[in-house]
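The values are calculated or read from the model by the stated rules, or taken from the named source; none is laboratory data. For clarity, every value in this text was computed on a predicted model and none was experimentally measured. Glycine also receives a Cβ, built like all others from the backbone with ideal geometry; neighbour counts cover every protein chain displayed. When the accessible area is computed, the model is the full protein with side chains, heavy atoms only, and any ligands, DNA or RNA have been set aside. Shrake-Rupley method; radii C 1.70, N 1.55, O 1.52, S 1.80 Å.
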Amino acid sequence: DIYEGKIQRPLSTGFKILDTIYKIQAGTFHLVTGVPNHGKSNFIDQLAVNMLREHKWKFCIFSPEHSTPRHLARLAETYIGKPFSEGPTRRMHETELNDSLKYLNDHFFFLESGEERPTIEWVLDKARVACIRNRINGLVIDPYNEIDVNNRGSKREDEHIRDIIAQCKRFAKTHDVCIWVVAHPAKMQRNNDGTYPVPSMYDISGSAHWHNMADIGICVHRNFEEDKTIIYLKKVREQGLYGDIGEALFTYNIETKNYSEVREEPQNTQYWND
């Protein structure tokens with residue numbers, strides 16, 4: 001079947017240039033990192049909205065750092081392409097908002113754990129219900145540090161992280177969904193000019209297992225001086241099938257929460273060996 005091409009093929013991200021280095025393959029585990037406030041969450045939101053538009057995908061989202069109402073408002077901005085709030089750019093009409101919320105309500109399902117920090121078992125159990133009831137295609141955990149790690153017993157932190165990733169990967173394969181996990185790098189030193197270097201996946205707090213076990217490793221890095229964002233593909237397990245090591249350049253519209261591809265080579269690119 002593989003020889004004859006009878007396989008499940010990766011799907012477009014909705015970005016033509018990004019598709020040359022990154023496509024979405026069901027059943028895979030995607031790690032997203034980057035310096036805080038460089039746009040990791042917004043990029044995942046954009047991907048999710050693109051997958052909804054292009055492929056009618058449904059998502060289960062665990063994102064306790066953002067309130068669900070504000071997260072829905074941000075998704076509506078990305079979906080409609082207009083600001084939610086008053087400002088210099090004309091905001092979305094209430095009719096547009098209501099129409100988008102009806103559509104988002106059918107494709108986005110949020111996990112809320114209240115005051116407790118949940119375990120990975122809690123998150124995956126709730127996501128399993130969403131798989132059965134709503135037939136979700138993607139699970140977003142943003143960020144990893146909102147997962148309870150105090151139940152690891154005698155395990156070291158790196159062993160606990162290894163087991164969490166393994167659980168996520170088994171879940172992805174069993175239910176044929178993509179999982180995106182956002183993980184922050186450890187505290188990084190600024191360059192002499194005050195900017196941050198592009199973090200590698202080995203800079204992620206806790207363990208080298210993030211790099212070793214991920215199917216896809218992404219870094220979102222913003223150049224504030226040039227108002228550009230570079231999406232780095234730093235780890236691709238099946239190169240040539242659903243991605244390749246490389247990078248794509250974007251601009252980000254802060255009012256409409258939309259990324260747009262830039263058809264030029266990134267400047268001052270930093271390279272490293274993972």
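Annotations
- A Cβ distance below 6 Å, combined with a sequence gap of six or more or placement on separate chains, defines the contacts here; from region 70-84, residues that are within 13 Å of His107 (Cβ to Cβ) and assigned to a helix (DSSP H, G or I) reach residues that are at pLDDT 95 or above and β-branched (Val, Ile, Thr) in the pairs Thr78/Val49; Tyr79/Val49.
- Checked against (1) at pLDDT 95 or above; (2) under 30 Å from Arg162 (Cβ atoms), Asp19 passes all but a single condition, namely (2).
- Top-ranked residue in region 126-158 [being part of a helix (DSSP H, G or I) and more than 19 Å from His30 (Cα to Cα); ranked as least open to solvent (accessible area, probe 1.4 Å)]: Ala130
- Only listed residue being open to solvent by less than 50 Å² (accessible area, probe 1.4 Å), touching a strand residue (DSSP E or B) at 6+ places or on another chain (Cβ under 8 Å) and outside any strand (DSSP E or B), chosen from Gly5, Gly27, Gly14: Gly27
Conditions (1) over 21 Å from the mean Cα position of the chain (by Cα); (2) at pLDDT below 95; (3) surrounded by fewer than 20 Cβ atoms within 10 Å (Cβ to Cβ); (4) within 21 Å of Asn145 (Cα to Cα), marked per residue:
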{"residue": "Gly217", "(1), (2), (3), (4)": "no, no, no, yes"}
{"residue": "Asp227", "(1), (2), (3), (4)": "no, yes, yes, no"}
{"residue": "Phe250", "(1), (2), (3), (4)": "no, no, no, no"}
{"residue": "Asn253", "(1), (2), (3), (4)": "no, yes, yes, no"}
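- For the criterion of being in contact (Cβ under 8 Å) with a residue 60 or more places away in the chain, open to solvent by less than 50 Å² (accessible area, probe 1.4 Å) and under 18 Å from the mean Cα position of the chain (by Cα), Phe171 fails.
- Here region 39-69 is the region considered, the condition is being in a loop (DSSP other than H, G, I, E, B) and over 19 Å from Arg133 (Cβ atoms), and the residue that is farthest from the chain's Cα centre (by Cα) is Ser67.
- Enumeration of residues in region 1-21 that are in contact (Cβ under 8 Å) with a residue 60 or more places away in the chain and under 17 Å from Tyr232 (Cα atoms): Phe15, Lys16, Ile17, Leu18, Thr20, Ile21
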